[in-house]
Amino acid sequence: MLKKLFSFFKKQNRKQPPGQFVTKKFPILTFGNAPHIELNQWNFTISGLVKNKIKLDWDQFTQLPKSQIISEFHCVTKWSKMKNTWEGVKLNYLIKIAEPLPSANFTLIHCYGNYTTNLTLECLLDDDVILAYRHDNEPLNEDHGGPLRLVVPKRYGWKSAKWIKKIELTNKNIPGFWESRGYHMEGDPWKEQRFS
Ligand SMILES: Nc1nc2c(c(=O)[nH]1)N[C@H]1C(S)=C(S)[C@@H](COP(=O)(O)O)O[C@H]1N2
Ligand SMILES: [Mo]
């Protein structure tokens, strides 16, 4: 009886979204080859429908105020990795400096290696969205998106763009790489928005 009650509560407290299982490993999921970017060739841009375009090199980026976020990571292929410590720069800090124009409701994320993904601007302004260069107290491994990746905990993993290069603010919802191949435009794991 007590055992049953205990397992009931455990189920209620479960943090993973429907249809996901927890993995201890951190699998690597990349379409094609991981690009290699020399830090002195690296830059990051916020452009499109903004008042102030932002372009930063690696030195400038690493001087921005640092934040730490602990979050879960849910891949659409059904694995979830719990409790990741991400360190980097909160994206809403940079977007505020860029000053989005009123018509900027959507974003298209561009990566080194040409991967893209789309997110609403509202979703990116969430306080748990981070541009991460460290994971679990180590520099972010190249296979996991180093030198810099986006982390959007409230969306499936394919929206957490590795090797991020540019965020383009737009007035149209333009599908990214997977979204134009049948993946969901929103990709909320709690609503199981896997495919459209
Ligand atoms: N640039 C780029 N970012 C990407 C991908 C990719 O293929 N290219 N794969 C996505 C997918 S499907 C997932 S689940 C996560 C996986 O991140 P990981 O390889 O660090 O586990 O990265 C996402 N970001
Ligand atoms: Mo994924």
Of the criteria (1) open to solvent by less than 20 Å² (accessible area, probe 1.4 Å); (2) over 18 Å from Lys159 (Cβ atoms), which one Ile130 fails: (2)
Any chance Phe31 is surrounded by 11 or more Cβ atoms within 10 Å (Cβ to Cβ), within 16 Å of ligand 2 (Cβ to nearest atom) and in a loop (DSSP other than H, G, I, E, B): yes
Options Lys15, Lys25; residue that is within 20 Å of the chain's Cα centre (by Cα) and either within 14 Å of ligand 1 (Cβ to nearest atom) or over 28 Å from Gly182 (Cβ atoms) (or both): Lys25
Within region 148-164, considering residues that are part of a loop (DSSP other than H, G, I, E, B) and open to solvent by less than 10 Å² (accessible area, probe 1.4 Å), the one farthest from ligand 2 (Cβ to nearest atom): Leu148
Selection count, region 49-95, where residues are among the basic types (Lys, Arg) and within 12 Å of ligand 1 (Cβ to nearest atom): 2
Out of Thr117, Thr107, sole residue that is modelled with pLDDT of 95 or more, part of a strand (DSSP E or B) and more than 16 Å from ligand 2 (Cβ to nearest atom): Thr107
Number of the exception - Thr107 against (1) in contact with an Asp or Glu (Cβ under 7 Å, 6 or more places away or on another chain); (2) hydroxyl-bearing (Ser, Thr, Tyr); (3) open to solvent by 20 Å² or more (accessible area, probe 1.4 Å): (3)
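The values are calculated or read from the model by the stated rules, or taken from the named source; none is laboratory data. Please read all numbers here as calculations on a predicted model, not as lab measurements. Cβ sites come from the backbone with ideal geometry, for glycine too, and all protein chains shown count toward neighbours. Accessible surface is based on the protein model in full, side chains and every heavy atom, while ligands, DNA and RNA are left aside. Shrake-Rupley method; radii C 1.70, N 1.55, O 1.52, S 1.80 Å.
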